[in-house]
1. What GluC sites (Glu not before Pro) in the stretch 1-80 are in a loop by DSSP, with at most 15 other Cβ atoms within 10 Å of the Cβ?
2. Note the angle between two axes, namely the Cα long axis of helix 8-21 and the longest principal axis of the Cα atoms of the chain, as a number of degrees from 0 to 90, rounded to the nearest 10.
3. Of the listed values [x] 59, 35, 32; [y] 89, 39, 32; [z] 112, 43, 26, grab the one calculated as Cα extents along the principal axes in Å from the structure here.
4. Of all chymotrypsin sites (Phe, Trp or Tyr not before Pro) in the stretch 1-52, which ones are in loop regions per DSSP and have a Cβ with at most 12 other Cβ atoms within 10 Å?
5. Give the order of I94, I37 when sorted by the count of other beta carbons within 10 angstrom, beginning with the fewest.
6. Tell me, what is the percent relative contact order of the chain, built from C-alpha pairs under 8 Å that lie six or more residues apart?
7. So for the stretch 46-141, considering every pair of alpha-carbon atoms, how many percent are separated by more than 20 Å?
Amino acid sequence: MKFERYGIGIAKGLRVTIRHLFRHPVTVQYPEQRLNISRRTRGNELIWDKVKCTGCATCAKSCPQGAIQIVTSTSMEENKYEVEQIEVDTGYCISCGLCVEACPFEALYMGYAYERAKYRRGEVVQANEQLLPSPQRQRSGYMYPKIADELPRQTLLIERITEEK
């Protein structure tokens with residue numbers, strides 16, 4: 001059995017603390033400084049392409065949580081389904097991306113944003129026009145490499161530290 005002097009462990013811990021005391025901090029001041037997230041991220045929103053959608057409801061059938069509801073009607077003139085209402089409850093959505101993978105017409109995309117917290121339960125339900133793409137609602141490159149090439153490159157904290165030195 002080896003005996004050590006009292007306080008050696010404390011001195012080792014203080015040595016590590018003092019060594020890191022004079023290093024540059026790694027954290028980012030979040031609201032003011034933001035890092036670019038991964039191009040293929042699965043944000044917590046869905047983006048719907050109204051033109052490509054045929055109303056087949058494959059996305060709703062593939063959703064394990066049942067977060068997607070689609071109401072369609074048949075158009076006798078054009079002999080196809082028309083989407084009257086599409087509704088996504090992002091409160092139930094687990095952002096698994098199965099709906100995007102299941103869509104045979106590439107009409108559904110994962111969103112790029114991750115800041116969709118709301119105070120009321122009713123505000124997390126998105127319907128029709130709220131699902132359409134806009135400058136604030138960018139499509140993610142998840143399942144679509146062509147879209148991923150257009151998005152900004154991901155930045156990491158390590159890169160921020162080397163830029164400042």
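1. Hits after loop and neighbour filter: E4, E32, E77, E78.
2. Result, in degrees: 60.
3. [y]
4. Details: sites: F3, Y6, F22, W48; in loops: F3, Y6, F22.
Answer by residue number: F3, Y6, F22.
5. In increasing order of surrounding Cβ atoms, one gets I94, I37.
6. 30 percent
7. Distances greater than 20 Å cover 33 percent of the Cα pairs.
We did not get these values from a lab; they are worked out from the coordinates using the rules stated. Please read these numbers as outputs of a predicted model, since none were measured by experiment. Using ideal geometry, Cβ is built from the backbone for each residue, glycine included, and neighbour counts are taken over all protein chains shown.
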